[in-house]
Amino acid sequence: MTQAVPSITDPALLGDGGTLTGRKPLIEIRNVSAGYENKRAKTRLIALRDVTLEVYPGEFLAIVGPSGCGKTTLINMIAGFMKPLEGTITVRGEKVDGPSADRAMVFQDYAVLPWRTVYNNVKFALENRRPRPNKDELATRIAKVLAMVGLSGFEQSYPYELSGGMRQRVGIARALVSDPEILLMDEPFGAVDAMTREAMQAEFEKIIAETGQTVFFITHSIDEAVALADRVVVVSSRPGHIKEIVDIDLPRSRFAEGVKSNPRFGELREHIWGLLQAEALGAKIGGAGV
Amino acid sequence: MTTVQPAPAKPDEDVSSITEAITRSRWAPFRSLIITVLNLTVFFTIWQLIALAEVINPLFFPKATAMFSAIYTGFADGIIGPELWHSVQNFTIGLIIASVIGIPLGLLMGGVRIVDLILSPYVWAMAALPRVALIPLLILILGFGNSMQLTIIVLSAVFPMMVNCMEGVKTVDPSLIRAGRVFGANGPQMYFKVILPFTLPFVISGINQGIARGLVGMLIGELLGGGGEGLGFLLDRAGDQFDAPMLYGTLLILAVLSVGLVQGMRWVERRAAPWRDQSRV
Ligand SMILES: Nc1ncnc2c1ncn2[C@@H]1O[C@H](COP(=O)(O)OP(=O)(O)O)[C@@H](O)[C@H]1O
Ligand SMILES: [Mg+2]
């Protein structure tokens, strides 16, 4: 049976296992609204309305929602690129005010520097902030993450010599190398082909099991969200707001155990699909009515 | 119910590194050179045959051999050498001045809004204005001398450089800027590690356009400026004297010069920004 998990604002209500219960949230998003001004039309497009959400340490949180519902807007605010119109975002109790070393990001379009080799792209994450690791430590750490993402041997390659999937591996390695507390990922596998995508999801689950980052993961693939996340936040459009937060009570490690043939996987998938479809239908009917 | 084993996640095939030695013919590196030499030989031979047949008035269509011998004697008698040197020297100095002014200013315009707002109307007006229109004014101000010739080169080259540098900075991929911020780049680090490398190909194409426009500026200055020096002057005099072989010879020298510069810059461009040329093997 599909089981609808009620929207959660109180950590005590969180799912079974108790892994998250009672912990202090790492990221707190409180009544956040966001929008973009259109200077010519003198209007403001509201992208997100009154979003409240907590992310707990060590949790893998996925956000699913239709295109244009404000997912990128939300992650950009957590990263510190833009400020909410209303409400607050705090990380470990401190208000987000620009990017910081505790939050690394993996971009949908990879955003690797085309003029740098794989090695130097990863190094970029370690060379700007102080204290800078010394040369030996740098080399060890870079070698370690490159091995982790399966890019050993490609240190001296340039991004244009790599496939899309490999470029994103560089992006992931760059985000992991400084061992940040939080990994922000905006549709990281959205631009890679389906087969590579599946393989990368599996590898990524393994990597995160090893490194233990808190992951804030945006996707528009329900399968991907259910397969990877501890909780899935379903966002509806427009303006985006949280429709439901679904606990994913599937055992790990999921890919190793063939999660997609687990009946529970199908149930959760159906459930989320239902939520989003009602959304799409509602939007259509509402749009026609107005 | 199902007894089917789930397929294990396949490792990405990209990861296994496969390299293979490539065996090419020994002649491969020379192939394009050989083709070019053959091509030019055929071209000049046909030219020679047409000229010998005198289907076109030899007054404006000399024999290819006459042109080559005019070039040879021109150099031997010290007629071409000093003029060529004059032009090359002027052009080089003009281009250096234009780069020193145009590149930093263009980069600044791209990065600092207020500088852009103030300078843009003048830059666009000057970039669009045909350079010849300035000659009378420049002659009025600077007279018929070298400084006038140099000024026209600088004015020709500097604006395309500025515009390209400005556009380059403005088109920096916003994702790369975000990546810079996420990974802690401060102002100067962002500029030197993200913005400038991204802009480099634009700077080079600015220099390319500067070279092309600068050459035109150089010739205009020498042809119309009445300074009595340079390849332009040589052209002018050869025309006046109905010296077709010399006229063609000078044009050939100019063509070789321009092609050399353009090819040289293309080479630089490939070296400086190999990521832009992804399909090249
Ligand atoms: N820079 C921007 N300027 C104006 N509107 C924007 C901008 N970025 C996004 N939007 C609008 O805000 C809404 C949410 O966008 P986004 O957060 O990118 O959605 P998602 O990532 O879920 O597809 C969309 O309607 C989009 O058109
Ligand atoms: Mg998005």
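The values are calculated or read from the model by the stated rules, or taken from the named source; none is laboratory data. Treat the numbers as computed from the prediction; the structure is a model and nothing was measured. Cβ sites come from the backbone with ideal geometry, for glycine too, and all protein chains shown count toward neighbours. SASA here: full protein model, heavy atoms, side chains in, ligands and nucleic acids out. Shrake-Rupley method; radii C 1.70, N 1.55, O 1.52, S 1.80 Å.
Rounded to the nearest 0.05, what FRET efficiency is calculated for A:SER261 and A:ARG129 with R0 set to 41 Å and r the Cβ-Cβ distance?
Here the calculated transfer efficiency is 0.40.
For chain A, with every protein chain kept in place, what is the accessible area per residue (1.4 Å probe, Å²)?
That works out to 45 Å² for each residue.
Let me have the relative contact order for the stretch B:82-270, percent, based on Cα pairs under 8 Å that are six or more residues apart.
29
What Rg and what Dmax come out for the stretch B:117-235 when only alpha-carbon atoms are used, in angstroms?
Gyration radius and largest Cα-Cα distance of the stretch B:117-235: 18.8, 60 Å.
By average Cβ neighbour count within 10 Å, what is the ranking of B:105-111, A:164-170 from highest down?
Per-residue mean Cβ counts within 10 Å order the peptides as A:164-170, B:105-111.
By how many degrees, between 0 and 90 and to the nearest 10, does the Cα long axis of helix A:263-289 differ from the longest principal axis of chain A?
Tilt relative to chain A: about 60 degrees.
Once the Cβ-Cβ distance between B:ILE114 and B:GLN89 is put in as r, and R0 is 45 Å, what FRET efficiency do you end up with, to the nearest 0.05?
Plugging the Cβ-Cβ distance into 1/(1 + (r/R0)^6) gives 0.75.
Along each of its three principal axes, how wide is the spread of alpha-carbon positions in the stretch B:170-233, in whole angstrom units, largest first?
Its Cα atoms span 60, 17, 13 Å along the three principal axes.
Treating the Cα atoms of chain A as identical point scatterers in vacuum, please give the log10 of the normalised Debye intensity I(q)/I(0) at q = 0.07, 0.11 Å⁻¹, two decimals.
These q points yield log10 I(q)/I(0) values of -0.27, -0.67.
Write out the GluC sites (Glu not before Pro) in the stretch A:15-107 meeting two conditions: DSSP loop, and at most 16 other Cβ atoms within 10 Å of their Cβ.
Here no GluC sites (Glu not before Pro) fit, given the DSSP loop and packing criteria.
At the nearest 100 Å², what buried accessible area, both sides summed, do you get for A and B when the probe is 1.4 Å?
Counting both chains, the buried surface is close to 2800 Å².
Measure of size requested: the Rg and Dmax of the stretch A:103-179, with Cα atoms as the atom set and Å as the unit; please supply both.
According to the Cα coordinates of the stretch A:103-179, Rg and Dmax are 11.3, 33 Å.
Just to confirm, what accessible area per residue do you get for the stretch B:82-270 at 1.4 Å probe, in whole Å²?
Dividing the accessible area of the stretch B:82-270 by its residue count gives 45 Å².
For the stretch B:157-239, what does the relative contact order come out to in percent, with C-alpha contacts under 8 Å and a separation of six or more?
37
On C-alpha positions alone, give me the angle between the axis of helix B:230-240 and the longest principal axis of chain B, in degrees, nearest 10.
40
Quick one: what does P(r) look like for the stretch A:80-133 with 10 Å bins over all Cα pairs, in whole %?
With 10 Å bins starting at 0, P(r) equals 18, 40, 30, 11, 0.
Counting only protein heavy atoms and a 1.4 Å probe, tell me what percentage of the protein assembly as shown's accessible area is made up of carbon and sulfur.
Heavy-atom surface of the protein assembly as shown belonging to carbon and sulfur, 1.4 Å probe: 61 percent.
Under the rule a/c < 1.5 gives rounded, and otherwise a/b versus b/c splits prolate from oblate, where does the stretch A:147-282 land using the Cα gyration tensor?
prolate
Need one value for A:154-162: mean number of C-beta atoms belonging to other chains within 10 Å of its residues' C-beta atoms.
The per-residue average across the peptide is 2.
Return one number: the angle in degrees, 0 to 90 and rounded to the nearest 10, between the long axis of the Cα atoms of helix B:31-53 and the longest principal axis of the Cα atoms of chain B.
Relative to chain B, helix B:31-53 is tipped by roughly 30 degrees.
Once the convex hull of the C-alpha atoms of chain B is built, how many Å³ does it hold per residue, rounded to a whole number?
In chain B, the Cα hull volume divided by residue count equals 260 Å³.
Which net charge results for the neighbourhood of B:LEU247, defined as the other residues with beta-carbon distances under 15 angstrom from its beta-carbon, given Lys and Arg at +1 and Asp and Glu at -1?
Value of the local net charge: -3.
Two decimals is fine: what's Rg over Rh for the protein assembly as shown, C-alpha atoms, Kirkwood radius as Rh?
With Rg and the Kirkwood Rh in hand, the quotient comes to 1.13.
As an exercise, use a Förster radius of 30 Å and the Cβ-Cβ distance of B:THR41 and B:SER258 to find the FRET efficiency, rounded to the nearest 0.05.
Efficiency, rounded to the nearest 0.05: 0.90.
Taking each residue of B:170-182 in turn, how many C-beta atoms of other protein chains fall within 10 Å of its C-beta, and what is the average?
Mean inter-chain Cβ contacts per residue within 10 Å come to 6.
Under the definition of Cα pairs under 8 Å and six or more residues apart, what whole-number percent is the relative contact order of chain A?
RCO, chain A: 24 percent.
Going by a ≥ b ≥ c, the root eigenvalues of the Cα gyration tensor, does the stretch A:77-234 fall in the rounded group (a/c under 1.5), the prolate group (a/b larger than b/c) or the oblate group?
oblate
Working with all protein chains in place, sort B:VAL132, A:VAL259 by solvent-accessible area computed with a 1.4 Å probe, largest first.
B:VAL132, A:VAL259
Determine the residues within the stretch A:120-144 where the difference in accessible area between the chain on its own and the full set of protein chains amounts to at least 50 Å²; count protein heavy atoms only and use a 1.4 Å probe.
Residues of the stretch A:120-144 that lose at least 50 Å² of accessible area once the other chains are added: A:PHE124, A:ASN128, A:ARG129.
Quick one: which of A:LYS144/A:LYS206; A:LYS24/A:LYS243; A:LYS123/B:LYS193; A:LYS71/A:LYS243 span more than 19 angstrom between C-alpha atoms?
Listed pairs above 19 Å: A:LYS24/A:LYS243.
Please compute, for peptide A:106-113, the average count of beta-carbon atoms on other protein chains lying within 10 Å of each residue's beta-carbon.
5
A:ARG30: net charge of surrounding residues, Cβ under 12 Å, Lys/Arg +1, Asp/Glu -1, itself excluded?
For residues surrounding A:ARG30, the net value is -3.
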